[in-house]
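Beneath this line is the structure, given in structure tokens, with notes to follow.
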Amino acid sequence: MYSHHSHSLDYVAHGVDCLEDVVARANEMKMELFCLTEHMPRIDAKYLYPEETSDSAEDDLKTLQGKFDKFLEHASEVKARNLPTKIIIGVEVEGCDTNHIAYAKGLMEKNANVLQFCVGSQHHINGIPIDFDQGEWNRALAYSHNNLRLLARDYFEQQYKLICELKPLVLGHFDLFRLFCSKDIFFDSENGQLVSKSAPNAVSAASVSFTKKWDDIRLLAERNIRTVASYGGLMEINTSGLRKKLEDPYPGREFALLAKNIPGTRFVLSDDAHGVSHVGVCYDQALKYMDEILQLDELHFLVDNAGTLEVDSIKLADLKSSPFWQQYG
Ligand SMILES: [Zn+2]
Ligand SMILES: [Zn+2]
């Protein structure tokens, strides 16, 4: 089994367990591959999360830099142990603005001896975090004129910039903006405007179809997916969505099925673990999703061939028959 995306408490404030324990758990579960992909340091105090802030923004930004340097060192040391679970080292890059995209590029180049790939992630829309809490998500929505269709449009436009500039090998949580699409917020199913529950055409954010009625969103999503496929990038199925009680992992079925039908799309699996209990979390549900909902023929994964990353695949039928699944209740 494989995970292409993970974190730990040592190197990110919202982590749960230390890197050693997370890696030990991946080994205990007999994972074949576990990628360590800590967040890149943010370089603007505007993007610090509350748990990262003290009296001095300058110190806080320096702390992020210091932690990332230590991560590179520690991850290299873990990788060199040649544990049964193979380690590939990457970085989760931030597409919050053009400065961060440029910084990510420099960071990858500067540390090319350690960083083997990046997970390309969009955690902000118009500079506002969309996966922190409902309040921030609502603020991002308000910035997009309280229109869910515009919010999704802004998201995919910003994600496209990240894709074009950085060509991430793994595109992270494709439709992260769905995280706080609550069943208690209602939108006009035609134009996407925030409305009351009783309004005609009102549909809850949790049951909005982004791609069926909203051609502009479908086209933007398809463009982004096609671009990733064009340079050999991989589309991540990320089970943190399930862990956070969404119905589907990222991407949800409408986007995943869209991706499946685009030639060249290759799916990989990630747990986006931040702690021991997140390693391989909801993989049994993800298997069902890949098999029954997406009806994938195969799952892809990265292989480190003497320092060069290659992409291999396993037939879903073979994946299903792995003894790995005996660990799930
Ligand atoms: Zn992320
Ligand atoms: Zn992550």
- prompt: Which residues in region 80-124 place their backbone N less than 13 Å from a point set 7 Å from the Cα of Lys244 along the Cα-to-Cβ direction?
  reply: 122-124
message: I want to check the label-to-label distance for Asp60 and Leu83. Put each point 7 Å from Cα in the C-beta direction and report it in nm to one decimal.
response: 3.2
task: Please state, as a whole number in µm²/s, the translational diffusion coefficient that the Stokes-Einstein equation yields for the chain at 25 °C and 0.890 mPa s, with Rh defined as the Kirkwood radius across alpha carbon pairs.
output: 122
- prompt: Which distance in nm do the two modelled labels at Lys46 and Leu219 give, with both placed 7 Å along the Cα-to-Cβ direction?
  reply: 2.9
- line: Checking region 122-231 for trypsin sites (Lys or Arg not before Pro) in a loop per DSSP with at most 11 other beta-carbon atoms within 10 Å yields Lys183, Lys197, Lys212
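Please compute the length gained on full extension between Arg139 and Asp69, using 0.36 nm multiplied by the number of residues separating them and subtracting their Cα-Cα distance.
Extra length available between Arg139 and Asp69 comes to 21.9 nm.
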- request: In a Gaussian network model over the chain where Cα atoms closer than 10 Å are linked, find which of Gln193, Gln159, Gln122 has the largest mean-square fluctuation.
  value: Gln193
- request: Just the Kirkwood number for region 261-329, please: inverse of mean 1/r across all distinct Cα pairs, in Å, one decimal.
  value: 13.5
message: Loop-only trypsin sites (Lys or Arg not before Pro) in region 233-329, please: DSSP not H, G, I, E or B, and at most 11 other Cβ atoms within 10 Å.
response: Lys245
query: GNM, the chain, Cα, under 10 Å: largest mean-square fluctuation among Ile43, Ile225, Ile314?
result: Ile314
field: Where labels lie 7 Å past Cα in the beta-carbon direction, separation of Cys164 and Ile293 in nm
entry: 3.1
- prompt: Hey, how many Å between the Cα centroid of region 261-329 and the Cα centroid of region 212-237?
  reply: 20
field: the chain, relative contact order in percent, only Cα pairs under 8 angstrom and at least six apart counted
entry: 17
- prompt: Once phi is turned into ³J(HN,Hα) by the Karplus curve 6.51 cos²θ - 1.76 cosθ + 1.60 with θ = phi - 60°, what whole-Hz value does each residue of region 242-248 show in order, with x for glycine and proline?
  reply: 5, 4, 8, 6, 6, 5, 10
- request: Determine, from the Cβ-Cβ distance of Asn113 and Ser209 and an R0 of 45 Å, the FRET efficiency 1/(1 + (r/R0)^6), rounded to the nearest 0.05.
  value: 0.50
field: Simple Cβ-charge dipole of the chain, Lys/Arg +1 and Asp/Glu -1, about Cα centre, in debye nearest 20
entry: 820
message: Can you tell me which of Glu32, Glu94, Glu51 moves the most in a GNM of the chain? Springs connect C-alpha atoms under 10 Å apart.
response: Glu51
statement: Residue separation between His14 and Thr308 times 0.36 nm, minus their alpha-carbon distance, gives in nm 102.7 nm
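FYI, it's all coordinate maths here, none of it is from the lab. Predicted model, so just to flag it, every value in this text is computed and none were measured. Ideal geometry is used to build each Cβ from the backbone, glycine not excepted, and the neighbour counts take in all protein chains shown.
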